[in-house]
Amino acid sequence: MQLEQQTYDRALDCVHCGLCLPACPTYTENGLEADSPRGRIYLMKGLADGKIQPTETVTNHLDLCLDCRACETACPSGVVYHELIEESRVKLSTKKRTRMMDRLVHGVFFHVFTKRRRLKLLLLPARIAQKLGLGRIIEKSGRLLPVQLEKMQSMLPPDGPLWESNLNKFYPATPHDGVKRSTVGFFAGCVGSVLFQHVNRQTIALLNHAGCDVTVAPLQTCCGAIDHHGGRLEPAKCYARKNIDAFDTDYIVNNIAGCGAMLKDYAHLLRDDPNYAQRARDFTNRVRDISELLPQLEMPQPPHPIEQTITYHDACHLAHAQKVTKPPRQLLGTIAKLQMIDLVESDMCCGAAGTYNLSQPIMARELAERKLQHVIQTGAKTCVTGNVGCAMHIQSEAKRLGVDLKVVHPVSLLHEAYFGIEE
């Protein structure tokens, strides 16, 4: 396995101090050095040097990495670990998967999850089964579906429509003070468009209220994260180019941590593309999570109090990849009567990690159980998180374990605080 020289040099930045170990979810769970950032760097360097072979065991240790980037936050040497693991996965992606279920699941990831209409069609039978109450039979039986497909079924939000309507192309500003402030493009996301369109509409309503015209670029595509994290570099680059072409606004706003991290990585992804390198840098500089932009827009105090006790889970790709931790808490802090209890290990991965909870369901469930134990200790009945993948995973595991918990996006609470409860 040959790594680019710049990437290989990043591996040499690691001084093997071990400060990353307590931050690593997989090492915290199983205590194996090979499942720690330091151990995986040894493996990747060994593969690049030709000292070890890409055996199934070695590949499994690399596949078990969530790419949560908590190690980067902890690392005093500034090792950019995600570039190492992602390039290694690209180099190893040519190795064929032999297990039929692995091929099926990865086929769904790359060819369905990244295409919104295909995803809608895939989930339609599951939605119908859910409406008819058949989902409970599947959950109780535990044997009707393979664990990955059972997980897909269990992660469906409970109250969604059978077929989600598309967003309009344009939503004019309705500023609270009569002042138009900006024109923003809204990145809707694949899963966001199919399962969390209500959060997308709430996001747009808040932006309109803040004085922003909102455009929803019709030619936007998948952000490319699923392909990029899965070692499929060229499809990821293709998505990046299409999205750069699609957006021409002051800001590109999103409400999904995983998508936002990927959009902000386009400058690195297309750094060697002579036609897109500069455009990718410009694009990256305009990307904002909704929690980053709202505080800049001079929003008034929300008029409606919410008398709830909540706790906040930091989505990895918001906290570690984008370094956004304070803004969501500050926004929630503007809501009268809302009490927020600090969560132990709030920035420890919940196990969702994009499609990780489907490809590595055992580790994903162990991490979700750890997260839920801490949530239960807060006494809160509502967990707030800025990533739909985290929300679905934590909610489905809470249901499986019989934990009375509602998982919501910060936008939903802010929307209620500004506009009241939707009928």
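The values are calculated or read from the model by the stated rules, or taken from the named source; none is laboratory data. All figures in this text were calculated on a predicted structure; none of them were measured in a lab. Here Cβ is always computed from backbone atoms with ideal geometry, including for glycine, and neighbour counts include all displayed protein chains.
Points to keep in mind about this one:
- Verdict on Cys383 being in the same structural domain as Arg329 (by TED's automatic domain parsing), crowded, with 17+ Cβ neighbours inside 10 Å, modelled with pLDDT of 95 or more and assigned to a strand (DSSP E or B): yes
- Residue satisfying all of: in the range 278-329; among the small types (Gly, Ala, Ser) and out of contact with any Pro (no Cβ under 7 Å at 6 or more places or on another chain); nearest to Val214 (Cα to Cα) among these: Ala280
- Hits in the range 205-245 - residues which are assigned to a helix (DSSP H, G or I), surrounded by fewer than 22 Cβ atoms within 10 Å (Cβ to Cβ) and either of a type in the set (Ser, Thr, Tyr) or in contact with a Lys or Arg (Cβ under 8 Å, 6 or more places away or on another chain) (or both): Ile244
- Filtered by the rule that a residue be closer than 21 Å to Ile226 by Cα and among the charged types (D, E, K, R), the range 339-379 gives a lone residue, Arg365.
- Which numbered condition Lys399 fails, given (1) buried (at least 21 other Cβ atoms within 10 Å of the Cβ); (2) more than 20 Å from the chain's Cα centre (by Cα): (1)
- Filtered residue count, the range 296-311, keeping only those that are in a helix (DSSP H, G or I) and exposed (fewer than 15 other Cβ atoms within 10 Å of the Cβ): 1
- Against the conditions (1) assigned to a helix (DSSP H, G or I); (2) under 19 Å from the mean Cα position of the chain (by Cα), Val375 satisfies every one except (2).
- Restricting the range 178-204 to residues that are within 14 Å of Cys223 (Cβ to Cβ) and assigned to a loop (DSSP other than H, G, I, E, B), the residue that is nearest to the chain's Cα centre (by Cα): Gly189
- A Cβ distance below 7 Å, combined with a sequence gap of six or more or placement on separate chains, defines the contacts here; from the range 261-275, residues that are over 15 Å from Glu234 (Cβ atoms) and in the same structural domain as Lys242 (by TED's automatic domain parsing) reach no residue that is modelled with pLDDT under 95 and acidic (Asp, Glu).
- Of all the residues in the range 221-260, those that are among the charged types (D, E, K, R) and either closer than 26 Å to Gln360 by Cβ or not assigned by TED's automatic domain parsing to the domain that holds Thr183 (or both) number 4.
- Here Asp314 clears all of (1) of a type in the set (D, E, K, R); (2) in contact (Cβ under 8 Å) with a residue 60 or more places away in the chain; (3) in a helix (DSSP H, G or I) except the condition numbered (3).
- Any chance Arg279 is surrounded by fewer than 21 Cβ atoms within 10 Å (Cβ to Cβ), within 21 Å of the chain's Cα centre (by Cα) and either modelled with pLDDT under 95 or of a type in the set (D, E, K, R) (or both): no
- Total residues in the range 23-35 satisfying the condition of being more than 21 Å from the chain's Cα centre (by Cα) and outside any helix (DSSP H, G or I): the figure is 2.
- Condition check for Arg288: assigned to a loop (DSSP other than H, G, I, E, B) and either touching a Cys at 6+ places or on another chain (Cβ under 8 Å) or basic (Lys, Arg) (or both): no
- Residues that are over 19 Å from Met348 (Cβ atoms) and touching a helix residue (DSSP H, G or I) at 6+ places or on another chain (Cβ under 6 Å), drawn from the range 389-409: His409
- Here the condition is being of a type outside the set (Phe, Trp, Tyr) and at pLDDT 90 or above; of Gly39, Gly50, it holds for Gly39 alone.
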